[in-house]
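Take a look at the structure below.
The values are calculated or read from the model by the stated rules, or taken from the named source; none is laboratory data. In this text the structure is predicted, and so the values were computed from the model without any measurement. Methodologically, a virtual Cβ is constructed for each residue, glycine included, from the backbone with ideal geometry; neighbour enumeration extends over all protein chains shown. Areas reflect the complete protein model, heavy atoms only, side chains present, ligands, DNA and RNA absent. Shrake-Rupley method; radii C 1.70, N 1.55, O 1.52, S 1.80 Å.
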Amino acid sequence: INADFYKKTIALFLAELIHRCIHISEFDTNLYNFVEESILKLDEKEFRFSDFHLQFMTKFTKYLGIVPINNFNK
């Protein structure tokens, strides 16, 4: 991530997002593992990571308690 300007920008955005959204003092192992795995995936990606932050935010909502539902039939 350090060598790629675009990845660094995405990582800073995600850090700001996480900082603004999480206001709990207790440790959440599942959330930590999700964030760690996501950052490692971003670091490994060579191409097609321009929408990574959107995918992250969609999955991150699960940990905030507001999961989007793919129920578009109604």
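How about segment 18-63: which GluC sites (Glu not before Pro) there lie in a loop by DSSP and see at most 10 other Cβ atoms within 10 Å?
Taking segment 18-63 and a limit of 10 other Cβ atoms within 10 Å, the loop GluC sites (Glu not before Pro) found are 26, 46.
What 222 nm value per residue comes from the helices of the chain, counting each DSSP H run with n ≥ 4 as -39,500 (n - 2.57) and dividing by all residues, nearest 500 deg cm²/dmol?
Mean residue ellipticity at 222 nm (helix-derived): -20500 deg cm²/dmol.
Considering only protein heavy atoms, what per residue accessible area in square angstrom results for the chain with a 1.4 angstrom probe?
Spelled out: the 1.4 Å probe surface of the chain, per residue, equals 84 Å².
Just to confirm the filter: which trypsin sites (Lys or Arg not before Pro) across segment 1-51 are DSSP coil and have at most 10 other Cβ within 10 angstrom of their Cβ?
48
Defining a contact as two alpha carbons under 8 Å apart and six or more residues distant in sequence, what relative contact order in percent does the chain show?
32 percent
How large a share of the accessible area of the chain, in percent, is made up of carbon and sulfur atoms when the probe is 1.4 Å and the other protein chains stay in place?
The value for the chain is 56 percent carbon and sulfur by accessible area.
Please work out the ratio of the alpha-carbon Rg of segment 4-74 to 2.2 N^0.38 Å and round it to two decimals.
1.21
Chymotrypsin sites (Phe, Trp or Tyr not before Pro) within the chain: which are DSSP loop residues with at most 16 other Cβ atoms inside 10 Å?
Passing sites in the chain are 27, 47, 72.
So which aspartates and glutamates pass the test for residue 45, namely a Cα distance under 17 Å, with those fewer than 8 places away in the same chain ruled out?
4, 36, 37
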